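The structure appears right after this line, and notes come after that.
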Amino acid sequence: MLPTTLVRSTAETARKGYHSHVASPDLDAAFRRLVDDYRTRCLWFLREDYYPTSAAEREQVLRQVEQHGDLDAFRRVAELRTWLSQRSSETSAGS
């Protein structure tokens, strides 16, 4: 489950702007944990020091973990995608 600090209001997102929420520390930490937890099983082909930073890289990692991980991995990917979708909608509405 994602930390409650990831949940912010639409007004706060609009006030702070798009770029301050794209690479939030909480989102980066969630992706790093996912990569670390599934690196051996699903992401064995990635360098040991690799962590996704762009939206395209993150989607690639999510797809691999979803496809080759266990049920918990599938659920964590769904949570991250939901969160990313909400962030995307909020930032679009605020621009």
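The values are calculated or read from the model by the stated rules, or taken from the named source; none is laboratory data. Bear in mind the structure is a predicted one, so any value in this text is a computation, not a measurement. When we count neighbours, we look across all protein chains shown, and the Cβ atoms used for this are built from the backbone with ideal geometry, even at glycine.
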- Query: Say we look at the range 43-56 and pick out the residues that are over 16 Å from the mean Cα position of the chain (by Cα) and of a type outside the set (F, W, Y); which of these is surrounded by the most Cβ atoms within 10 Å (Cβ to Cβ)?
  - Reply: L46
- Restricting the first residue to the range 61-78 and requiring it to be among the acidic types (D, E), which pairs with a second residue that is in a helix (DSSP H, G or I) and modelled with pLDDT of 95 or more meet a Cβ separation below 6 Å and a spacing of at least six or different chains? E66/F74; E66/V77
- Note on the structure: Of the residues in the range 57-74 that are surrounded by 16 or more Cβ atoms within 10 Å (Cβ to Cβ) and in a helix (DSSP H, G or I), the one that is modelled with the lowest pLDDT is R58
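Restricting the range 38-54 to residues that are in contact (Cβ under 8 Å) with a residue 24 or more places away in the chain and in a helix (DSSP H, G or I), which is nearest to R76 (Cα to Cα)? Walk me through how you get there before you give the answer.
Filtering the range 38-54 for residues in contact (Cβ under 8 Å) with a residue 24 or more places away in the chain gives 38, 41-42, 53.
In the following step, the residues that additionally are in a helix (DSSP H, G or I) were identified as 38, 41-42.
Working: Y38: 11, R41: 15, C42: 14 Å.
The qualifying residue nearest to R76 (Cα to Cα) is Y38.
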